[in-house]
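Here is the structure we will look at, set down as structure tokens.
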Amino acid sequence: MEERYLLGVDIGTYESKGVLVTLAGDVVATAVRPHELLLPRQGWAEHDAERAWWGDFCAITRELLETSRIAPERIAAVGCSAIGPVMLPVDEACRPLRNAVLYGIDTRAVEEIRELDARMGTETIFARTGNALSSQSVGPKILWLRKHEPECYAKAAKIVAATTFLCARLTGRCMLDHYSASCFVPLYDMAAGTWGKDLCEGIIEPERLPDIAWTSEIAGRITPEAEAATGLATGTPVIVGTIDAAAEAVSAGVTAPGQAMLMYGSTMFYIQVVDRPVRDRRLWSAPYLFPGTSAIMAGMATTGVLTRWFRDMLARELVEAEAKGGESAYGRLAALAAAIPPGAEGLVVLPYFSGERTPLNDPQARGVFFGLTLSHTREHLYRAVLEGVGHGIRHHFDVLDEIDAAPLEVRAVGGGTKNRPWLQMVSDIAGRAQLVPAVTLGASYGDAFLAGLGTGLFASYSDISRWVRRLETVAPDPAPKPLYDRAHRIYRDLYERTKDLMHDLTQEV
């Protein structure tokens, strides 16, 4: 019998990744394709869905088939994940009617959040959805579209997420998983597991939203049209899929209650599996990917995006040197920052450069470099940026401790894990050990496993443990704890003392 394979594709903020694996989890081929993050106005973040999502998916699948020389008929199933939550209006053929509006880094719907809170009541929204409205929520962005681009809203046959878009183009079916649907606050009724007709009133009709199913359920099969575009065989099963962070959690083996994933990506994202729904206004809650499981989630607005900004704006000569074959600009900055003492000699950064998601839920928060002196260098600034993210992560653990939901185990994943000095800073600041898989292939790897689970090739989601390789522990160093404790107190106090000024600064004159 010929060996079968699983295909996973993930669409990220700056690039898309694909992986072709055996049923044992061995990687046969990988592919990466960069794309552009569009920032048309301050506070806006968008993607060209046709080019960045569908274009990347088609290019990646064709590259994987070509490099692996595996016949498309030997691919047992396909799984997709993508950035989220996002908002994309499409026509009857699932063609985009405008650019996709991205997740919490897009803060255009501040007024719509206020409007919905006032109209529906914050208590009602939280009681029905398990979440407070924030810049992460899709509902206010749909309302923004309805108010500011009424012609586009009227033409939309559906308003979809990124995975829905891919699934529809592959199978002709418009599907969304429960985990992702919970981010469509205030439209998803958490207890009922459906779109709430009354919750949707005045925002969008429920029939214009995707059908809801579980992540690893089969959404449909590759159509002849999709085969022509992707090279995949007609009839190949495609699962519903999920948001990238959840797929990445699965890729790291985070499936059991008490396990958590800390993802160092363009943004920081945290997912912890719990055995019961846990709700707190400062965090997000959702059904997890499998029936009978729940999750607590959190996400900062700028982590990898912030280090990228720093590199591109303040270390251009390192970027140019890397382009000429020199050392990685990120690697050089990390080494220089590691030589600076803990605490960056009195420098504290609030990393709220695109507002902040959890636990502040404040789209008007702003970035701050605090404590600058003439003695500080670029290396001090970069270390302070990395430590600022560490304090933001510790802030989340503070909240989890307060609500008696501290994780039993934290697994670190994402591109930022290549920066080991950063991981050590975070463990030292937060006082938490982090387990790092020796091989981290990311969300696309989780997508491939979920595709196998959905087609019955695996008995249980716990079977991912056979795919997860050796784990390395990054343990906290107790030596800098007193210094970091003091810096953390200043970090927390600095926002409280300046948030009114931040809000004043962001008001239109």
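If you go through the stretch 220-267 and keep only what is under 17 Å from Thr455 (Cα atoms) and free of Cβ contacts under 8 Å to residues at least 24 places away in the same chain, you end up with Thr234, Gly235. Listed here are the helices (runs of 4 or more DSSP H) enclosed by the stretch 193-268 that have at least 1 residues being surrounded by fewer than 23 Cβ atoms within 10 Å (Cβ to Cβ) and over 26 Å from the mean Cα position of the chain (by Cα): 197-200, 224-230.
Tallying residues that are over 14 Å from Gly390 (Cα atoms) and crowded, with 23+ Cβ neighbours inside 10 Å within the stretch 338-357 yields 4. Looking at the stretch 316-328, I want the residues that are at pLDDT 95 or above and have a partner that is surrounded by 13 or more Cβ atoms within 10 Å (Cβ to Cβ) and part of a loop (DSSP other than H, G, I, E, B) with Cβ atoms under 7 Å, at least 6 apart or on another chain. Which pairs are those? Note: pairs meeting the criteria are Glu322/Ser328. Among the residues of the stretch 437-453, those that are surrounded by fewer than 24 Cβ atoms within 10 Å (Cβ to Cβ) and not aliphatic (A, V, I, L, M) comprise Pro437, Thr440. Within the stretch 307-331, the set of residues being among the charged types (D, E, K, R) and within 23 Å of Val368 (Cα to Cα) comprises Arg308, Arg311, Asp312, Arg316. Given the criteria modelled with pLDDT under 95, of a type in the set (Val, Ile, Thr) and surrounded by fewer than 22 Cβ atoms within 10 Å (Cβ to Cβ), does Val278 qualify? Yes, satisfied. Any idea which residue in the stretch 108-124 is surrounded by the fewest Cβ atoms within 10 Å (Cβ to Cβ), counting only those that are farther than 12 Å from Ser134 by Cβ and touching a Phe, Trp or Tyr at 6+ places or on another chain (Cβ under 9 Å)? Result: Glu111. Checking each residue in the stretch 157-192 for being assigned to a strand (DSSP E or B), under 23 Å from Leu450 (Cα atoms) and not hydrophobic (A, V, I, L, M, F, W, C) picks out only Asp177. Out of Ile105, Ile113, Ile125, I need the residue that is under 18 Å from Gly299 (Cβ atoms) and not in a loop (DSSP other than H, G, I, E, B). Which one? Only one candidate passes the filter, namely Ile113.
Within the stretch 393-436, being under 20 Å from Val250 (Cβ atoms), of a type in the set (D, E, K, R) and surrounded by 22 or more Cβ atoms within 10 Å (Cβ to Cβ) holds for one residue alone: Arg411. Does Arg51 fit the bill of being out of contact with any strand residue (DSSP E or B) (no Cβ under 7 Å at 6 or more places or on another chain), under 25 Å from Glu217 (Cα atoms) and without any contact (Cβ under 8 Å) to a residue 60 or more places away in the chain? So Arg51 fails the test. May I ask you to say which residue of Leu176, Leu166, Leu133 is farther than 20 Å from Ala213 by Cα and in contact with a helix residue (DSSP H, G or I) (Cβ under 7 Å, 6 or more places away or on another chain)? One residue alone meets the criteria, Leu133. Kindly establish whether Val78 is touching a strand residue (DSSP E or B) at 6+ places or on another chain (Cβ under 8 Å) and in contact (Cβ under 8 Å) with a residue 12 or more places away in the chain. Yes. Restricting the stretch 95-128 to residues that are touching a Pro at 6+ places or on another chain (Cβ under 6 Å) and of a type in the set (Ser, Thr, Tyr), the residue that is farthest from Gly265 (Cα to Cα) is Thr107. Can you name the residue in the stretch 487-507 that is of a type in the set (D, E, K, R) and touching a residue at least 12 places away in the same chain (Cβ under 8 Å) and, of all such residues, is nearest to Arg432 (Cα to Cα)? Out of the qualifying residues, it is Arg492. Suppose the filter is closer than 29 Å to Glu387 by Cα and in contact with a Pro (Cβ under 6 Å, 6 or more places away or on another chain); does Leu441 pass it? The answer is no for Leu441.
Thr13 meets all of the listed conditions (1) among the polar types (S, T, N, Q); (2) over 18 Å from the mean Cα position of the chain (by Cα); (3) not in a strand (DSSP E or B) but one, namely (2). Remark: pairs (first residue in the stretch 207-218, assigned by TED's automatic domain parsing to the domain that holds Tyr461 and closer than 16 Å to Gly139 by Cβ; second residue of a type in the set (Asp, Glu) and crowded, with 18+ Cβ neighbours inside 10 Å; Cβ separation under 8 Å; 6+ apart in sequence or on different chains) = Ile212/Asp177.
Residues that are part of a loop (DSSP other than H, G, I, E, B) and either in the same structural domain as Ile11 (by TED's automatic domain parsing) or surrounded by fewer than 23 Cβ atoms within 10 Å (Cβ to Cβ) (or both) within the stretch 281-299 comprise Arg281, Arg282, Phe290, Pro291, Gly292, Thr293, listed in sequence order. Taking the stretch 22-101 as the region of interest, the strands (runs of 3 or more DSSP E) fully inside it that hold 3 or more residues being at pLDDT 95 or above and either of a type in the set (Ser, Thr, Tyr) or within 23 Å of Val250 (Cα to Cα) (or both) are 27-34, 75-82. Assess whether Glu92 counts as being in contact (Cβ under 8 Å) with a residue 60 or more places away in the chain and under 30 Å from Pro359 (Cβ atoms). Criteria not met by Glu92.
The values are calculated or read from the model by the stated rules, or taken from the named source; none is laboratory data. Keep in mind that this is a model prediction, so the values were computed, not measured. We place every Cβ from the backbone using ideal geometry, glycine too, and count neighbours over all the protein chains shown.
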